[in-house]
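What follows is calculated from the coordinates using simple rules that are stated; it is not laboratory data. None of these values were measured; they are calculated from a predicted model. Neighbour counts run over all protein chains shown; Cβ positions are idealised from the backbone, glycine included.
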Amino acid sequence: MTDESDLLLTDHELLALLAMNPTDSAAATRDLFRLSTVAHRDVLERAGVTTLLARGMAEPNGEDIVPVERGALVAAVLTTATEWLEVAFVTPSSDHIMFVAASEHGSLLLSLNRLGAHQVRPVDTAEGLPRLGVLLSQAYLEDATDGLPASAMVTFHPASGTPLTVQLKRDESETWTLLSGSGDAVQTETIPAAAAFERLSAALSC
């Protein structure tokens, strides 16, 4: 799988790939992707195996079905991930969510679609997942192609420890607002536009 050859995977194919290597990382990835609570998960996993076989991304190996080709790469990353990034983009008329899973086998960015067909592609995380979250937020909020007001909520999920969430908003009057912390400890701060992404980086400690 290359940057020029993005892959589409369905919910049931993701469930099947995660089930083929039932690790703690696979369970964490399933939870983060909001797949743990789907109804009839075992049925969906079996359907995922069938379509992976038909698409050449899985094959029989004795009595087991194992991922191959691009399916093997996706399974290797998602079931051994040690860090995850969640980035949610929201405007009054649209919302979009991306996830990044990073492991020793590489990193994958999944652009989730509520219709159940998700774009998967490799991504460079050499500078760290929080830094990637800042870059994705910058591209979205500066372009503002979906209109204003717009916000980017970045959550870094380490393998151990507490997730860190920071939200950056831009409104029609070009007021930029940074929200950090959680619960009763949320801090809201109006910041200069020129310093917005520097402050987002600092809040994510990247």
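General remarks:
- Rounded to the nearest 20, the Cβ-based charge dipole of segment 141-206 about its Cα centre (Lys and Arg +1, Asp and Glu -1) stands at 260 debye.
- Given charges at beta-carbon only (K, R positive; D, E negative), |dipole| of segment 12-126 in Debye: 380 debye
- Potential extension, I191-R121 segment - 0.36 nm per residue separation minus Cα distance: 21.9 nm
- Extents of the chain, largest first, come to 61, 33, 33 Å (Cα atoms, principal axes, whole angstrom).
- Normalised radius of gyration (Cα atoms, divided by 2.2 N^0.38 Å) for segment 167-206: 1.14.
- Theoretical gain in end-to-end length, R41 to D95 [0.36 nm per residue, Cα-Cα removed]: 16.9 nm
- Magnitude of the charge dipole for the chain, about its Cα centre and with charges confined to Cβ atoms of Lys, Arg (+1) and Asp, Glu (-1), is about 260 debye.
- Over the chain, relative contact order from alpha-carbon pairs under 8 Å, at least 6 apart, %: 17 percent
- Choice from R170, R30, R41 with maximal GNM fluctuation in the chain (Cα, 10 Å cutoff): R41
- Local net charge near S160, Cβ-Cβ under 14 Å (Lys/Arg +1, Asp/Glu -1): -2
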